[in-house]
Amino acid sequence: MKLKLNHSKIASILLLVTVILVSCKKVVEVTPYSRFTTANFFKTVPEAYAATMGVYETMKSARTYGYHIPLLYDLENDMQFISPGNTANDFRDITQYRYQASHPFLYSTWTELYAGIDRANLVIAAIPQMEKFTSGSDTEKADLNRLLGEAKFLRAFYYSDLVRLWGDVPFKTKNSVAGDDLATPLTDRYVIYEQLFKDMEEAIAVLPASLPVNERINKFGAKAILARVALAAGGYSLRADGTVKRPEDYLKYYRLAQTHVNDVIASNLYQLNASYSRVFKNQSSQIFEPKESLFEASFFSPTAATSNSSYFGSFNTPNTTLGVYANGLARHFIPFTFYSSFTDGDLRKDFSVATYRIGANGLRVPLLAGTTEEHTWTPQKWSREYQKGSALEPAQTYINYVIMRYSDVLLMRAEVENELNNGPNQLAYDAINQVRRRAFGTNIAGSGISIAITAGGSGYGNNTTGGSGVTNTGITVTGSGFDAQAVPIVTNGVVTGVRLLNAGIGFTSAPIVSITGSGTGALATATLLPKKTNTDADLPNGLSYTDFKNRLQDERAWELCFEGLRKADLIRWNIFSAKVAETEAALKTRRSSYPYGAGTAFAQANQPFKYWLMPFPLNETDANTKGITRQNPGW
């Protein structure tokens, strides 16, 4: 079930807000979004519901969680870089660290988040004034309390991302009225954090404790997000004076995170899907999975072809030639260093990273390691292969952005237990090993396979032909398992070998392997690989605090790769610049032409931590001169 928003009713309930939004678009240089004036109210529960759904609406924009925040602002980092290009003011300027405060993407995200906050402020102010809030039926009062909690949570969530991206920001918790001084000053991020925690705690008290049936936030999703924000508050960040530091009392934020992570796990509502790949195949085909996913932004719209659509599965997908599948843009690339960092037997490696492109007939064409083809490896998690193929998704998609997964909760537990105990305890080991056991498929019956050619046949086409996407020789695997993918090597019409793209999992007996294409006579057989056990997957006992932390940092990369979280993690651990420099050095050593330049951009910056925060948008600083009196360090 998808979260459905009644757009016409939202528009009528938030008429004044809508008028202001339109006006801002017309005079964008002089009316900053941090100066909203709202004065509106509603009387019925349906009106309050529509207004609260309007707060969620901010999440559906490409300017926020459909594109900019998870798919641009997280790059470049140690596991992703962007396709080369030099077009002015496009997405590459952001990801390749050559943007300025005037870049339109920055202002569009800033304004969209403040629009959501202003809508939340209106709901938070209006619901307690409703007669039904105190005098309605028990059901009406419960519904209104839930809506109030949702608005408080969403306001806190939007502010948490403003702080993550910009640091100290203008901060308002009340809707404006005529006569207010609308010059909103910057507020210290830790003042904001305290209010965010208060808002989230108050929301948690009234949100439902049951598993959701749609994308509306529940009690435990809010707890998980609160824990993530607490870890950010307890981590390192770039301050206004140009230094990077964390609070002296940083452990109190880890204890706060610990409390809420423990509550999520103790609820027994959540569990890992046994199959890592199935999580993303479900996402790609709009299958809601509330036991694995605690919070996600909804993008499904059964009629709109482009409005409020997601860039997941089009922008960050294997290069796909239009044919059997819709076109895939392949803008996100994966460096060899990240792909090769996975442990042998980790199923996430060959499912997360596509070392191939997809031809017009739907067959995979390998991109060979050791050549410049490896420069164009991409994320695979949301491949066009796993989508529904709707005619309404030719460019953008309906794929939700999953903001919090249960594996993230488990990894947060591992991190806080290690931090608070100066080394891993059994809770830390149990949490991280749950994630790793799924990664190695230890809880799935059966194993992966290898494939060997036993007869080469004749007359087969070369499946490596390229630009047109033409491929005409393939391999099919039929058996009890899943995810096994291989491409035949064809020489002069003869199948001479196999490139195994994914060994798969779940094969309890050797599957049937068939060679497809224009030739005849080629034969292949599959052999079961040794089954991975918990011993293979689990971390070794006796790790020190530092060793466990390093393992945890790697584990978050492998488990949560390409989900918009990496840069924030690296910053709060105080290793962002070092990781970027290390990645570029390793790639340039591998091949001087490797098109990764983030390390160089960092080294050439006029402030060593310049790119840890974005500049305040120029439109905002020009208009809010009394409130924003400085720029972030380096800008």
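To keep it simple, each residue is scored yes or no on (1) out of contact with any strand residue (DSSP E or B) (no Cβ under 8 Å at 6 or more places or on another chain); (2) open to solvent by 40 Å² or more (accessible area, probe 1.4 Å); (3) closer than 24 Å to Tyr401 by Cβ; (4) among the aromatic types (Phe, Trp, Tyr).
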residue	(1), (2), (3), (4)
Thr184	no, no, no, no
Ala203	yes, no, yes, no
Ser210	yes, yes, yes, no
Lys223	yes, no, yes, no
Val229	yes, no, yes, no
Thr243	yes, yes, no, no
Pro247	yes, no, no, no
Considering only residues of segment 249-278 that are hydroxyl-bearing (Ser, Thr, Tyr) and crowded, with 21+ Cβ neighbours inside 10 Å, which is farthest from Leu420 (Cα to Cα)? Ser277
Name every residue in segment 336-376 that is within 27 Å of Thr535 (Cα to Cα) and open to solvent by less than 30 Å² (accessible area, probe 1.4 Å), in order of residue number. Phe338, Phe342, Asp346, Arg348, Phe351, Ser352, Val353
Is it the case, given these coordinates, that Lys588 is surrounded by fewer than 22 Cβ atoms within 10 Å (Cβ to Cβ), modelled with pLDDT under 95, over 28 Å from Glu296 (Cβ atoms) and out of contact with any Asp or Glu (no Cβ under 7 Å at 6 or more places or on another chain)? no
Scanning segment 503-519 for residues that are in contact with a Gly (Cβ under 7 Å, 6 or more places away or on another chain), under 15 Å from Gly474 (Cα atoms) and surrounded by fewer than 18 Cβ atoms within 10 Å (Cβ to Cβ) gives Ile512, Thr516, Ser518
Selected residue (criterion: nearest to Ser458 (Cα to Cα)) from residues of segment 501-518 that are in a loop (DSSP other than H, G, I, E, B) and in contact with a strand residue (DSSP E or B) (Cβ under 7 Å, 6 or more places away or on another chain): Pro511
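Find the strands (runs of 3 or more DSSP E) located wholly in segment 262-377 whose residues include 3 or more that are farther than 30 Å from Val55 by Cα, and list them.
Strands (runs of 3 or more DSSP E) meeting the threshold: 356-358, 364-366.
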Would you mind stating whether Lys152 is among the basic types (Lys, Arg), outside any loop (DSSP other than H, G, I, E, B) and without any contact (Cβ under 8 Å) to a residue 24 or more places away in the chain? no
Return the residue satisfying two criteria in turn: it lies in segment 428-462 and is among the hydrophobic types (A, V, I, L, M, F, W, C) and in a loop (DSSP other than H, G, I, E, B), and of such residues it is least open to solvent (accessible area, probe 1.4 Å). Phe440
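Which members of segment 567-582 meet the condition of being touching an Asp or Glu at 6+ places or on another chain (Cβ under 8 Å) and open to solvent by 10 Å² or more (accessible area, probe 1.4 Å)?
Residues satisfying the conditions are Lys567, Ala568, Lys579, Glu582.
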Mind checking which pairs have a first residue in segment 265-284 that is closer than 20 Å to Asn433 by Cα and at pLDDT 95 or above and a second that is open to solvent by 30 Å² or more (accessible area, probe 1.4 Å) and part of a helix (DSSP H, G or I), Cβ under 8 Å, 6 or more apart or different chains? Ile265/Arg413; Leu272/Gln434
Top-ranked residue of segment 377-427 - restricted to ones that are closer than 20 Å to Ala297 by Cβ and of a type in the set (D, E, K, R), ranked as most open to solvent (accessible area, probe 1.4 Å): Lys388
Conditions: (1) open to solvent by 10 Å² or more (accessible area, probe 1.4 Å); (2) touching a strand residue (DSSP E or B) at 6+ places or on another chain (Cβ under 6 Å). Leu238 meets all but one. Number of the miss? (1)
Checking Val324 against (1) surrounded by fewer than 22 Cβ atoms within 10 Å (Cβ to Cβ); (2) touching a helix residue (DSSP H, G or I) at 6+ places or on another chain (Cβ under 7 Å); (3) more than 30 Å from Thr442 (Cα to Cα); (4) not acidic (Asp, Glu), the condition it does not meet: (2)
How many residues of segment 605-634 are of a type in the set (A, V, I, L, M, F, W, C), open to solvent by 50 Å² or more (accessible area, probe 1.4 Å) and under 17 Å from Phe576 (Cβ atoms)? The answer is 1
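Would it be correct to say that Tyr65 is closer than 28 Å to Ile628 by Cβ, modelled with pLDDT of 70 or more, surrounded by fewer than 23 Cβ atoms within 10 Å (Cβ to Cβ) and within 18 Å of the chain's Cα centre (by Cα)?
Judged against the criteria, Tyr65 is not a match.
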Among the listed residues Thr337, Thr371, which satisfies the condition of being in contact (Cβ under 8 Å) with a residue 24 or more places away in the chain, farther than 18 Å from Ala486 by Cα and of a type in the set (Val, Ile, Thr)? Thr337
Can you say whether Tyr114 is over 25 Å from Trp573 (Cβ atoms), in contact (Cβ under 8 Å) with a residue 12 or more places away in the chain and either touching a Ser or Thr at 6+ places or on another chain (Cβ under 8 Å) or open to solvent by 40 Å² or more (accessible area, probe 1.4 Å) (or both), as far as the supplied structure shows? yes
Cβ-Cβ under 8 Å, sequence separation 6+ or interchain: first residue in segment 513-539 and in contact (Cβ under 8 Å) with a residue 60 or more places away in the chain and under 24 Å from Tyr429 (Cβ atoms), partner outside any strand (DSSP E or B) and open to solvent by 50 Å² or more (accessible area, probe 1.4 Å). Which pairs? Asn534/Arg437; Ala537/Arg437; Asp538/Arg437; Leu539/Arg551
Only residues that are free of Cβ contacts under 8 Å to residues at least 24 places away in the same chain and either part of a helix (DSSP H, G or I) or within 25 Å of the chain's Cα centre (by Cα) (or both): list them for segment 576-635, please. Ala578, Ala581, Glu584, Ala585, Lys588, Thr589, Gly599, Thr600, Ala603, Gln604
Identify, from the list Thr491, Thr527, Thr454, the residue that is modelled with pLDDT of 95 or more and over 37 Å from the mean Cα position of the chain (by Cα). Thr454
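Table: residues versus (1) closer than 22 Å to Ala240 by Cα; (2) surrounded by fewer than 19 Cβ atoms within 10 Å (Cβ to Cβ); (3) of a type in the set (A, V, I, L, M, F, W, C); (4) modelled with pLDDT of 95 or more.
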residue: Pro104; (1), (2), (3), (4): no, yes, no, yes
residue: Asp138; (1), (2), (3), (4): no, yes, no, yes
residue: Asn145; (1), (2), (3), (4): no, yes, no, yes
residue: Val163; (1), (2), (3), (4): yes, no, yes, yes
residue: Thr187; (1), (2), (3), (4): yes, yes, no, yes
Kindly provide the set of residues from segment 520-559 that are surrounded by 16 or more Cβ atoms within 10 Å (Cβ to Cβ) and part of a strand (DSSP E or B), ordered by number. Ala522, Ala524, Ala526, Leu528
Exactly one condition in (1) outside any helix (DSSP H, G or I); (2) touching a residue at least 60 places away in the same chain (Cβ under 8 Å); (3) open to solvent by less than 60 Å² (accessible area, probe 1.4 Å); (4) farther than 25 Å from Asp430 by Cα is false for Val498; which is it? (2)
Looking only at segment 285-297, how many residues end up being acidic (Asp, Glu) and either touching a strand residue (DSSP E or B) at 6+ places or on another chain (Cβ under 8 Å) or in contact (Cβ under 8 Å) with a residue 40 or more places away in the chain (or both)? 2
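The values are calculated or read from the model by the stated rules, or taken from the named source; none is laboratory data. If you're wondering where the values come from, they're calculated on a predicted model, not measured in any experiment. Positions of Cβ are generated from backbone atoms using ideal geometry, with glycine treated the same way; all protein chains shown enter the neighbour counts. With ligands, DNA and RNA removed, areas are computed over all heavy atoms of the protein, side chains included. Shrake-Rupley method; radii C 1.70, N 1.55, O 1.52, S 1.80 Å.
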